[in-house]
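Structure first, then comments.
The values are calculated or read from the model by the stated rules, or taken from the named source; none is laboratory data. If you're wondering where the values come from, they're calculated on a predicted model, not measured in any experiment. Here the Cβ positions follow ideal geometry from the backbone for every residue, glycine too, while neighbour counts run over all protein chains shown.
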Ligand code: SF4
């Protein structure tokens, strides 16, 4: 039990780092993403992390492509898991791969 909790904590912290493959370099879009997250009930305001993907939002909004440590370092187009960044198609692409209900 303790091992599982420790493993989850380590994985969560690694996931929070959002392992960058390619930066976005689009300040306008980054600001738009951040504003969306800051108004989202799934944002942990105290720690500035998304409660779903566990990513640190201030880092995540500036990334175009990342490795996902929770998915065996799968390369992903950086996206909102709920499609709130006007990216439902991208979110659904990964939800389909992960056998999750589509948005
Ligand atoms: S990434 Fe999506 S679900 Fe997570 S806090 Fe931002 S808007 Fe909410």
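Scanning region 83-93 for residues that are at negative phi and surrounded by fewer than 17 Cβ atoms within 10 Å (Cβ to Cβ) yields 88, 89, 92, 93. Among the residues making up region 52-103, those that are at pLDDT below 95, over 21 Å from residue 25 (Cα atoms) and either touching a strand residue (DSSP E or B) at 6+ places or on another chain (Cβ under 9 Å) or part of a loop (DSSP other than H, G, I, E, B) (or both) are 52, 53, 54, 69, 72, 73, 74.
A single member of 100, 96, 64 is surrounded by fewer than 17 Cβ atoms within 10 Å (Cβ to Cβ), within 15 Å of the ligand (Cβ to nearest atom) and farther than 20 Å from residue 19 by Cα, and it is 100.
A residue that is touching a helix residue (DSSP H, G or I) at 6+ places or on another chain (Cβ under 8 Å) and away from the ligand (no atom under 11 Å from the Cβ) occurs nowhere in region 31-51.
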